Amino acid sequence: MITNSSFIGATRTAWVLLAFIFMTAFTQNAFAQPETAPDSTASKPDKIEKPIKGDTTEIEFKNKKFVIITDKEGKKVTIEDVRKPKDQAASEDEDIEWESDENDTEYNPDYDNKSDNKRKRSEVDLLAFDFGFTNFYRDGKFGADAASPSLELKTFRPGSHVALHFLPTRVSLIGRGAVNLKSALTIDWTNLYFTNPITIQRGMDSLTIVTDNNRTYEKNKLMMRYFQIPLLLNFNTSPGDDEGLSLSVGGYAGLLWGARTRQESSDLGTVKYNDDFNLNPFKYGLTARIDFKWFDFYANYNLSDVFDDNSLPKTNTFNVGVNFINF
């Protein structure tokens with residue numbers, strides 16, 4: 001049997017359930033987002049562009065960094081200073097002190113040109129060439145007066161002295177080129193061009209000269225060849241370039257490396273003989289050189305006698321000329 005109180009309780013429970021269902025449905029409808037159809041008129045991008053990544057090249061030289069960026073707009077070049085300040089927190093109003101090492105130098109626009117001209121401690125070249133003339137000189141006398149009338153030479157005969165200096169070497173002693181020591185391996189040719197119709201005899205114990213006045217020689221010479229080593233002290237007023245004055249003084253010593261006579265006449269043609277012709281087997285002397293821009297001049301004086309100890313006359317030779325390849 002259903003009592004009134006039970007009926008009333010059940011009715012209240014039903015109303016509560018209906019109210020809960022109603023509130024739940026209302027809440028969902030109120031806060032739900034309405035679905036909208038896609039707008040067919042909205043434009044779509046033709047192409048999605050992706051960012052272009054440029055090529056970057058970095059070059060560091062001394063304290064500078066050169067950054068080259070290549071993109072679709074072209075090339076951009078920036079220059080950065082790669083030195084690091086000691087105080088990263090220094091204000092812009094304060095002077096920034098840069099870290100430097102003992103090799104760090106301030107940039108100089110003329111540095112590249114000067115560095116090319118900066119001389120090394122030592123230099124070795126391939127070849128140097130002397131060309132001049134020779135004659136006799138002794139005790140203040142010149143030419144035949146310093147030797148013998150029969151040995152009179154053609155004065156200022158070009159090519160009577162020629163020298164090739166192989167591997168000319170310079171070693172700096174003071175100031176990287178201000179004071180230097182120079183040397184080389186030298187082959188020295190001295191040609192005595194005689195004006196008289198004389199013949200120097202071969203294989204004799206002493207110098208023997210025969211004169212033939214009935215014959216005329218177009219060429220009559222004695223060639224002597226020595227292997228020498230010169231040693232000079234060089235002073236250079238402008239070691240960084242070739243614009244200054246260069247003065248060299250020193251000496252040389254050498255050994256006889258061969259001799260030959262050559263005579264040319266209309267009746268005998270060309271006649272050549274090889275011998276030592278009683279020449280001095282040793283040679284030594286003094287030398288001086290002066291170089292100024294394009295002007296290169298040298299002078300040699302042989303302290304040793306031309307002929308050996310058993311021969312007369314006792315005389316010396318000197319050489320004067322120009323240097324075409326600087327030594």
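Is there a pair in 182/293; 154/314; 141/283; 219/293 whose C-alpha atoms are over 27 Å apart, and which pairs would that be?
Working: 182/293 19 Å; 154/314 19 Å; 141/283 20 Å; 219/293 37 Å.
Going by Cα-Cα distance, 219/293 fall outside the 27 Å limit.
With just the Cα atoms defining each centre, how far is the stretch 121-149 from the stretch 271-296? Give it in Å.
Using only Cα atoms, the two centres lie 5 Å from each other.
Each label point is 7 Å from the Cα along the Cα-to-Cβ direction; what then is the distance between the points at residue 216 and residue 229, in nm?
Using points 7 Å along Cα→Cβ, the separation is 4.9 nm.
Per 0.36 nm of contour for each residue apart, how much would the distance between residue 299 and residue 209 grow if the chain were fully extended, relative to their Cα-Cα spacing?
Numbers: separation 90, 0.36 × 90 = 32.40 nm, distance 2.91 nm.
Value of the extension gain: 29.5 nm.
What is the extension gain from residue 325 to residue 67, computed as 0.36 nm multiplied by their sequence separation minus the C-alpha to C-alpha distance, in nm to one decimal?
On the way: separation 258, 0.36 × 258 = 92.88 nm, distance 4.64 nm.
Going from the current span to full extension adds 88.2 nm.
Counting Lys and Arg as +1 and Asp and Glu as -1, what is the net charge of the other residues whose Cβ lies under 15 Å from the Cβ of residue 133?
On the way: positive: 154, 157, 221; negative: 130, 152, 188.
Within the 15 Å Cβ shell, the charges total 0.
Sort 209-215, 310-316 by the packing proxy (mean of other Cβ within 10 Å over each peptide's residues), most packed first. Don't skip to the answer; put the middle values down first.
On the way: 209-215: 10.9, 310-316: 15.0.
The peptides rank, most packed first, as 310-316, 209-215.
Read-outs throughout are calculated quantities, based only on the coordinates presented, and are distinct from any laboratory measurement. Note that the structure is a prediction, hence the values are computed from the model and not measured. Neighbour counts are summed over all protein chains in view; Cβ atoms, including those assigned to glycine, are modelled from backbone coordinates with ideal geometry.
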